[in-house]
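Read through the structure below, which is laid out as structure tokens, and then see the notes.
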Amino acid sequence: MNKMREFSLPRNNLSGKIPSDMFKSWPQLTLFYLHYNSFTGRIPLEIGEAKMLQRLSLFSNNLSLARFQKKSEAWQACRVPTEIGNLRALQDLELNNNQLEGELSATLTLLKELNDLSLSINKFT
């Protein structure tokens, strides 16, 4: 299965955490759709390993806390992992209608191929 290119399981009433090992196991992945499910927790940091990913759709889940990263001496919540900035082939990013909050990562500006960005119905500042 290391040649997996497209993974799509929307509207399947799936729950739990998004498995992080998929992104390392499938280096050829170009499409990852898990929208309209009930996933919770963070967006896996390992998502940055999927360097060929072009379409990422995680909207309408219950994703929230991604991680904490140190900024100066204080801890600041970072809800969209900075590793998404490694996805230089990404064209569509749909994270709307989750429980994401806090500041958006500046690494989103590194996504030069990005055509569609959907972040509505979250709690970003």
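The values are calculated or read from the model by the stated rules, or taken from the named source; none is laboratory data. Bear in mind that the values here come from a model prediction, so they are computed numbers and not experimental data. Virtual Cβ from ideal backbone geometry, glycine too; neighbours counted across all protein chains shown.
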Q. Among N86, N98, which is the only one that is at pLDDT 90 or above, among the polar types (S, T, N, Q) and more than 24 Å from P27 (Cβ to Cβ)?
A. N98
Q: Could you give me the residue pairs with C-beta distances under 7 Å whose first residue belongs to segment 30-55 and is under 19 Å from L114 (Cα atoms), whose second residue is of a type in the set (D, E) and crowded, with 16+ Cβ neighbours inside 10 Å wherever it lies, and which are 6+ apart or on separate chains?
A: H35/E94; I47/E83; G48/E83; R55/D92
Q) Using beta carbons and a limit of 6 Å, which pairs, at least six apart or on different chains, have the first residue in segment 10-21 and within 13 Å of F32 (Cα to Cα) and the second one surrounded by 11 or more Cβ atoms within 10 Å (Cβ to Cβ)? A) P10/Y33; P10/H35; P10/Y36; I18/F39; I18/P44; S20/P44; S20/E46
Q. Only one residue in P10, P27 is part of a loop (DSSP other than H, G, I, E, B) and either modelled with pLDDT under 95 or within 16 Å of L90 (Cβ to Cβ) (or both), so which one is that?
A. P27
